[in-house]
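In what follows, a single structure is set out as structure tokens and then discussed.
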Amino acid sequence: MKAAAPPPPYETSGFDEGPARALLSRHQWPPGLQDACMLTRRAFAHRYWIVDNSGSMSTPDGSRLEQGAGTERLVGCSRWVEVADAIEFHGELAAVLQAPTTFAFLNPPRTGAQRVVVSSAANLPELRAAAASGPGGGTPLCEHVQAIAALIAADEARLRAAGQMVVLVIVSDGLPTDGDLAAAMQPLTKLPVWIVVRLCCDEERVIKFWAELDSQLELDMDVLDDLKSEAEECSSLNQWFTYGVQLHRLREWGVHEKILDLLDERALSSAEVRSLCAFVFGQGAAALPHPELDLSAFVLALDALQFKFPQPFNALRGRRTPWLNVKLLKRYLKPGGGCAIM
């Protein structure tokens with residue numbers, strides 16, 4: 001991928017959020033997650049997706065959320081089909097948010113362009129054509145990372161003056177075949193960039209590689225697995241919370257909040273549970289009483305609040321469940337129930 005001129009800044013004032021919120025509502029995002037998504041228009045000047053379309057992406061160990069005949073479940077598919085679902089969603093979101101997003105495929109697609117910039121609905125057919133081409137080829141990650149790092153560096157002064165960052169999303173199921181990725185990513189450590197690595201496999205060597213890379217470079221980086229794997233990590237520590245696909249897409253989009261990091265790092269404190277409610281449900285959660293003052297009142301008010309919004313699909317149970325299981329949560333928040341003391 002050859003480095004091109006940095007993308008022009010886009011207008012952040014006078015933007016009509018209606019179409020974007022309509023899209024997110026169709027995907028059943030609660031208002032807090034929608035608010036977090038809207039804020040990214042000002043925070044991030046551009047998004048770059050490096051999409052691994054190498055031959056190994058045809059491996060049939062992926063999953064996708066399928067709906068039909070009054071039911072829904074995670075069904076098996078290839079890694080590429082799983083990724084194509086993400087590309088479709090984020091392409092549509094970039095279009096309605098008018099948030100310039102460059103999708104760069106590692107290998108030239110058989111149909112469509114290798115590099116597609118989406119900032120309106122007019123760009124979506126070209127993106128879909130490239131995604132429909134399917135996988136094939138090697139994994140030249142270093143080349144693409146270097147090219148995008150050069151683009152960000154060329155735009156660094158403007159980004160810092162505007163107080164903005166860039167999001168770099170790397171979607172891959174393997175290791176680079178064209179060199180030292182740590183060296184290729186080193187320039188990013190000095191640039192205003194937030195990195196999301198979206199892994200498409202559960203191979204131990206790949207997971208270990210990216211974990212060691214994160215530790216070695218100390219980048220601002222979030223490494224994500226698939227929906228079910230992330231749900232399992234969250235549930236192991238905070239069993240009362242449903243890690244829905246809406247939250248997973250928000251993290252893929254580049255939203256970084258400390259409360260999301262904590263979900264799979266440790267058991268949340270009562271104050272953090274309240275903060276999580278505010279993040280998911282937005283302004284409606286402001287009136288929730290503090291659970292340490294009146295736990296029963298908190299649980300009742302929370303249940304009434306979340307009842308107003310669609311339940312997310314629970315990848316671990318194979319059905320829809322509330323964002324927060326109030327019975328488990330009440331037990332958890334009682335003294336001795338497992339809640340972290342802060």
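General observations
- Long-range amide H partners of V193 with built H, under 5 Å: V166
- Lysine pair number, Cα distance threshold 28 Å (strictly under), the chain, separation 8 or more or different chains: 16
- Label corresponding to percent of Cα pairs over 25 Å apart when calculated from the structure given, among (i) 70; (ii) 50; (iii) 53: (iii)
- For the chain, the 222 nm mean residue ellipticity estimated from helices alone, with every DSSP H stretch of n ≥ 4 adding -39500 (n - 2.57) and the total spread over all residues, rounds to -13000 deg cm²/dmol.
- Helix 270-281 vs. the chain, principal-axis angle (Cα, 0 to 90°, nearest 10): 60
- Here the chain exposes an accessible surface that is 52 percent carbon and sulfur, computed with a 1.4 Å probe and the other protein chains kept in place.
- In this structure the chain gives 43 Å² per residue of accessible area when probed at 1.4 Å with all protein chains present.
- Listed residues A113, A271, A36, most fluctuating in the chain (Gaussian network, C-alpha, under 10 Å): A271
- Degrees between helix 141-154 axis and first principal axis of the chain (Cα, 0 to 90, nearest 10): 90
- Cα long-axis angle, helix 31-43 against the chain (0 to 90 degrees, to the nearest 10): 40
- Fully extended contour minus Cα-Cα distance, from A43 to V206, at 0.36 nm per residue: 55.6 nm
- Antiparallel %, DSSP beta bridges [both residues in the chain], to 5: 35
The values are calculated or read from the model by the stated rules, or taken from the named source; none is laboratory data. Since we're looking at a predicted model, the values are computed, not measured. Surface areas here come from the heavy atoms of the whole protein model, side chains and all, with no ligands, DNA or RNA. Shrake-Rupley method; radii C 1.70, N 1.55, O 1.52, S 1.80 Å.
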